[in-house]
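Have a look at the structure that comes next, please.
The values are calculated or read from the model by the stated rules, or taken from the named source; none is laboratory data. Since we're looking at a predicted model, the values are computed, not measured. Cβ: placed from backbone, ideal geometry, glycine included. Neighbour counts: every protein chain shown. Side chains included, ligands, DNA and RNA excluded: accessible areas come from the protein's heavy atoms. Shrake-Rupley method; radii C 1.70, N 1.55, O 1.52, S 1.80 Å.
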Amino acid sequence: MQTLWQDLRYGVRMLKKNPGFTAVAVLTLALGIGANAVVFSVMNALILRPVNVPEAQSLFMIERGSDKNSNQSYPDYLDLRDRNRSFDALAACNFNLVALDTGHNPSRSWVYEVSGNYFDALGIEPYLGTFFHGSDEHGPNSVPYIVLSFAYWHTRFEDDRGVVGRTVQLNRHPVTIIGVAPPGFHGTLMFFNPDFFVPIVNEDPNLLNVRGARWISLVIGHLKPGVTPAQAVSDLNSIGSDLEKAYPKDDGKMTFALASPSLFGDAGGPYIRAFLSGLMLLAGLVLLAACANLGSLFAARAADRSREVALRLALGAGRLRILRQLFTEAILISLLGGAVGVWGSVMVLRGLSVWQPFPRFPAHMPVNPDAKVYAVALLLTLASGFLFGAVPVRQVLRTDPYQIVKSGSISTLGPRMTVRDALLVVQIAICAVLVTSSMVAVRGLVRSMHSNFGFEPRNVILADADLNMAGYSADKVPAVQKRMIEAMQVIPGVQSVGLTDQLPLQDCCNTSSVFSDNTTDLRPSNASAEAAMYNISPEYFQAAGTALLSGRTFTWHDDKTAPRVAAVNRQFANKVFGSTANAIGGSYKLPDGTRIQVVGIVEDGKYDTLTEDPKLAMFFPILQSPSSQTNLLVRSSRDPLQLAPAIGSALREMDAGLPFGIQPWNKSLQDPLFASRVATESLGVMGVMGAMLSVTGIFGMAAYSVSKRLRELGIRMALGAQRKEVLQAALGRAFNLLALGSAAGLLLGILASRVLAFIVYQATPRDPLVLAGTVLAMLLLGLVAAWIPAQRALSVDPAMLLREE
């Protein structure tokens with residue numbers, strides 16, 4: 001302990017003696033540790049940390065089919081709940097948008113529609129009041145209660161305990177507030193924080209009774225003690241087999257799997273896990289580059305201290321004692337760098353925790369660090385210290401005190417590659433990987449913003465509303481929607497107005513199996529294809545900017561009294577009819593046997609995600625397939641921001657109690673571009689970090705090379721060497737290492753960037769601009785880093801150096 005204390009005091013003195021070296025080393029390591037702490041904290045919050053419920057380790061969600069879909073129909077949920085022998089209880093939930101009227105103007109709120117046993121199945125106790133239970137359910141609309149989330153109660157009702165027992169209007173129906181959920185409970189889906197919870201039996205009876213309508217987002221439950229997930233899956237599959245036989249048209253293939261409920265299980269989780277894993281790898285590369293940088297600096301510093309080491313050896317100090325001193329200094333630097341990095345990461349994570357990435361949804365990122373994050377940061381800090389501290393070990397062990405004392409220093413510059421050279425090549429290669437990946441992401445995002453979606457969002461205002469929220473019955477909805485369209489058309493500057501029940505790329509589009517016209521057995525296995533479904537008004541294609549390739553659009557005469565018709569995209573026509581020429585006038589069938597005649601063909605587009613494969617789509621007249629969900633597309637020659645107030649006034653004149661939202665269509669596309677933007681920004685930050693580390697590494701190498709060869713450079717200049725030759729002698733090695741590392745990193749970056757194509761739409765590593773940009777960036781980094789050493793090399797005064805000699 002006494003010698004350890006001596007090493008610590010000596011290490012602190014040495015670091016204080018060289019504040020520039022200490023500051024660079026601490027900040028370099030802080031970048032690497034901070035980046036890893038931020039990424040790991042996000043991964044920990046979204047993937048590793050369980051849902052905040054009692055006994056979360058035994059909580060599983062049920063997924064259906066080979067595509068791991070979490071959606072279930074309500075009748076299927078009831079069968080699974082009542083017939084399984086593996087779960088203590090199975091609860092169902094679905095998130096939805098509703099209108100809540102507390103006596104003032106109604107506002108739209110996001111809610112969880114949950115089964116009566118939801119809170120009991122999860123073991124959640126109310127903070128205030130009580131919860132509803134499974135015993136309260138006695139059929140549709142039998143539970144007129146709501147439970148507020150703690151955050152909504154705190155902000156909307158200002159912690160008023162008298163709110164329990166108060167009656168409010170939910171979609172124009174009276175309901176009673178019976179309780180408040182505990183503060184830490186935000187439901188069972190990561191990101192989504194509901195305003196309150198309502199009973200699922202109050203949903204539309206048509207949804208509750210249709211077995212083929214899979215609208216329930218999540219079915220979850222705790223496994224019974226002693227039951228393994230494999231046993232539970234076997235139990236569920238046996239139930240599924242019975243359902244297949246009993247309802248062949250509705251259920252199709254009924255196989256099940258279990259997954260964690262936090263990120264939609266295997267339906268959405270793998271993409272986020274893959275991205276975060278890739279980001280964690282890049283953060284690890286940043287830390288590795290930082291360690292390589294520090295290793296190079298420590299090796300150079302050890303060479304500069306070679307005389308000190310030789311004298312200590314000559315006076316009887318052991319080599320292990322000297323190595324322990326060097327490791328002590330390395331650990332001190334790593335602890336300082338780790339502390340600064342963790343402090344910076346906490347600041348970043350606090351901002352992420354209050355960030356709301358999707359303005360339309362109550363989405364939050366609870367990424368505050370916990371003990372696990374701090375433990376990983378400490379482990380990385382200590383490991384980094386030992387890693388870069390071990391670089392000069394071989395150099396110290398081979399030190400010859402007699403030769404160093406006699407010559408005054410140890411020569412480390414020669415024709416062969418040294419450890420410092422190898423570390424610099426690794427560091428530059430890592431930087432090139434990060435720069436290449438970030439440029440690929442940027443180019444992909446730019447392409448995404450200017451690609452063909454199958455619609456033109458510019459100069460279009462969206463006004464969305466659900467007429468159910470205003471209490472309109474199904475038979476009144478079509479007339480109200482037509483009045484809304486007519487009210488928009490008379491606004492000055494409006495060119496066309498369209499209506500759709502779902503927005504492409506924004507709403508989870510409904511799909512349906514389609515069958516050829518001569519198919520009589522309408523089981524799912526006999527379907528020709530699966531297609532997205534949209535219900536639209538006559539002028540939708542014109543307002544959306546979707547090109548009509550052939551045939552006609554709809555009219556207001558395409559109502560329930562007219563034959564069923566549809567417009568399909570080109571992909572649908574080629575898949576179902578063999579060609580677009582055969583599609584016009586042709587017919588196909590829906591699962592219920594309805595014959596649909598194709599009257600128009602439109603261009604292909606993007607419907608679910610930007611990265612999806614070409615998808616089939618069919619569009620039905622809104623009067624033949626009514627829907628209360630109303631999305632108005634108002635195309636205008638006016639500035640959208642000037643048009644929005646006029647649209648709002650027109651809707652309020654129609655119905656002052658109708659809650660609605662208004663925003664430009666291109667702004668609403670920020671949600672589908674979210675993954676691309678996050679990937680681009682994250683990789684951009686990583687690229688900047690890599691560039692900073694590369695600059696410091698090249699600068700350190702070039703500066704050290706010049707400082708060790710000043711005498712040689714002075715002699716060369718005295719003998720008549722030109723400036724070009726002096727620069728070649730002083731910095732040629734550094735630029736050769738830059739070229740070698742850049743080439744290796746560019747190749748690795750191209751290979752690694754293939755992964756980005758799954759996240760960033762149209763991202764490709766073979767883009768000539770990406771390749772040219774990476775080469776130019778690395779060249780500029782080299783020039784910036786070598787600028788000061790080059791100036792020092794050219795400013796050498798041969799006469800002064802020779803006089804000193």
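Need the failing condition index for SER528 against (1) touching a Phe, Trp or Tyr at 6+ places or on another chain (Cβ under 8 Å); (2) under 22 Å from LEU610 (Cβ atoms), just the number.
Condition not satisfied by SER528: (2).
Residues are listed down the side, and each one gets a yes or a no for (1) outside any loop (DSSP other than H, G, I, E, B); (2) open to solvent by less than 30 Å² (accessible area, probe 1.4 Å):
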residue	(1), (2)
TYR152	yes, yes
GLU158	no, no
VAL175	yes, yes
ILE178	yes, yes
LEU207	yes, no
ALA213	no, yes
GLY221	yes, yes
VAL227	no, no
VAL233	yes, no
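Let me ask something else. Listed residues GLY344, GLY295, GLY338; which is in contact with a helix residue (DSSP H, G or I) (Cβ under 7 Å, 6 or more places away or on another chain), under 17 Å from ALA23 (Cα atoms) and modelled with pLDDT under 80?
GLY295
Yes/no matrix, rows are residues, columns are (1) within 29 Å of the chain's Cα centre (by Cα); (2) of a type in the set (Phe, Trp, Tyr):
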residue: ASN36; (1), (2): yes, no
residue: SER41; (1), (2): yes, no
residue: GLN57; (1), (2): yes, no
residue: PRO75; (1), (2): no, no
residue: ALA91; (1), (2): yes, no
residue: PHE119; (1), (2): no, yes
residue: PRO126; (1), (2): no, no
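Any chance you could count how many residues in the stretch 487-501 are in a loop (DSSP other than H, G, I, E, B), open to solvent by less than 20 Å² (accessible area, probe 1.4 Å) and closer than 21 Å to PRO640 by Cα?
Residues that pass the stated criteria total 1.
If you don't mind, there's one more thing I want to ask. Of the residues that make up the stretch 359-369, is at least one more than 30 Å from SER668 (Cβ to Cβ) and open to solvent by less than 50 Å² (accessible area, probe 1.4 Å)?
For the stretch 359-369, residues more than 30 Å from SER668 (Cβ to Cβ) and open to solvent by less than 50 Å² (accessible area, probe 1.4 Å): present.
When you scan the stretch 115-133, do you find a residue that is of a type outside the set (Asp, Glu) and in contact with a Cys (Cβ under 8 Å, 6 or more places away or on another chain), even just one?
Scanning the stretch 115-133 turns up at least one residue that is of a type outside the set (Asp, Glu) and in contact with a Cys (Cβ under 8 Å, 6 or more places away or on another chain).
Which number in (1) surrounded by 20 or more Cβ atoms within 10 Å (Cβ to Cβ); (2) assigned to a helix (DSSP H, G or I); (3) hydrophobic (A, V, I, L, M, F, W, C) marks the one condition that VAL685 misses?
The failed condition is (1).
Going through the stretch 164-173 one residue at a time, which ones are outside any loop (DSSP other than H, G, I, E, B) and of a type outside the set (Ser, Thr, Tyr)?
Scanning the stretch 164-173 gives VAL168, GLN169, LEU170, HIS173.
Of everything in the stretch 601-637, what is in a strand (DSSP E or B) and of a type in the set (Phe, Trp, Tyr)? Give them in sequence order.
Of everything in the stretch 601-637, those that are in a strand (DSSP E or B) and of a type in the set (Phe, Trp, Tyr) turn out to be PHE619, PHE620.
If you don't mind, there's one more thing I want to ask. In the stretch 404-417, is there at least one residue being under 29 Å from SER296 (Cβ atoms), among the small types (Gly, Ala, Ser), assigned to a helix (DSSP H, G or I) and at pLDDT 75 or above?
No, the stretch 404-417 contains no residue that is under 29 Å from SER296 (Cβ atoms), among the small types (Gly, Ala, Ser), assigned to a helix (DSSP H, G or I) and at pLDDT 75 or above.
Restricting the search to the stretch 126-145, which residues are over 17 Å from LEU207 (Cα atoms) and among the β-branched types (Val, Ile, Thr)?
Result: THR130, single match.
A further question follows. With respect to the numbered conditions (1) closer than 22 Å to ASP501 by Cβ; (2) surrounded by fewer than 20 Cβ atoms within 10 Å (Cβ to Cβ), which one is the sole condition not fulfilled by MET618?
For MET618, the exception is condition (2).
On to the next question. Tell me which residues, restricted to the stretch 651-670, are surrounded by 17 or more Cβ atoms within 10 Å (Cβ to Cβ) and either at pLDDT below 75 or acidic (Asp, Glu) (or both).
ASP655
Can you tell me which residue among LEU326, LEU379, LEU332, LEU336 is more than 26 Å from the chain's Cα centre (by Cα) and surrounded by fewer than 17 Cβ atoms within 10 Å (Cβ to Cβ)?
LEU379
Right, here's the next one. Could we say that PRO183 is more than 26 Å from PRO75 (Cβ to Cβ), in contact with a Phe, Trp or Tyr (Cβ under 7 Å, 6 or more places away or on another chain) and surrounded by fewer than 15 Cβ atoms within 10 Å (Cβ to Cβ) here?
Against the criterion (more than 26 Å from PRO75 (Cβ to Cβ), in contact with a Phe, Trp or Tyr (Cβ under 7 Å, 6 or more places away or on another chain) and surrounded by fewer than 15 Cβ atoms within 10 Å (Cβ to Cβ)), PRO183 qualifies.
Another question, if that's okay. LEU737 - would you say it is within 26 Å of LEU423 (Cα to Cα), at pLDDT 75 or above and surrounded by 14 or more Cβ atoms within 10 Å (Cβ to Cβ)?
yes
Let me ask something additional. Looking only at the stretch 191-205, count how many residues are assigned to a loop (DSSP other than H, G, I, E, B) and either free of Cβ contacts under 8 Å to residues at least 24 places away in the same chain or more than 32 Å from the chain's Cα centre (by Cα) (or both).
Taking the stretch 191-205 as the starting set, the residues that turn out to be assigned to a loop (DSSP other than H, G, I, E, B) are 191, 193-195, 203-204.
Adding the requirement that they be either free of Cβ contacts under 8 Å to residues at least 24 places away in the same chain or more than 32 Å from the chain's Cα centre (by Cα) (or both) leaves 204.
Going through the stretch 191-205 one residue at a time, the tally reaches 1.
Any residue in the stretch 1-12 that's under 13 Å from GLU329 (Cβ atoms): show its pairings with residues that are among the polar types (S, T, N, Q) and at pLDDT 75 or above at Cβ separation under 7 Å, as long as the two are six or more apart or on different chains.
So the pair list comes out as ASP7/GLN325; ASP7/THR328; LEU8/THR328; TYR10/GLN325; GLY11/GLN325; GLY11/THR328.
Another question, if that's okay. Do we find a residue being modelled with pLDDT of 75 or more, small (Gly, Ala, Ser) and not in a helix (DSSP H, G or I) anywhere in the stretch 365-372?
No; the residues of the stretch 365-372 include none that is modelled with pLDDT of 75 or more, small (Gly, Ala, Ser) and not in a helix (DSSP H, G or I).
Further question: Go through (1) assigned to a strand (DSSP E or B); (2) touching a helix residue (DSSP H, G or I) at 6+ places or on another chain (Cβ under 9 Å) for MET484 and report which single condition fails.
So MET484 meets the others, but not (1).
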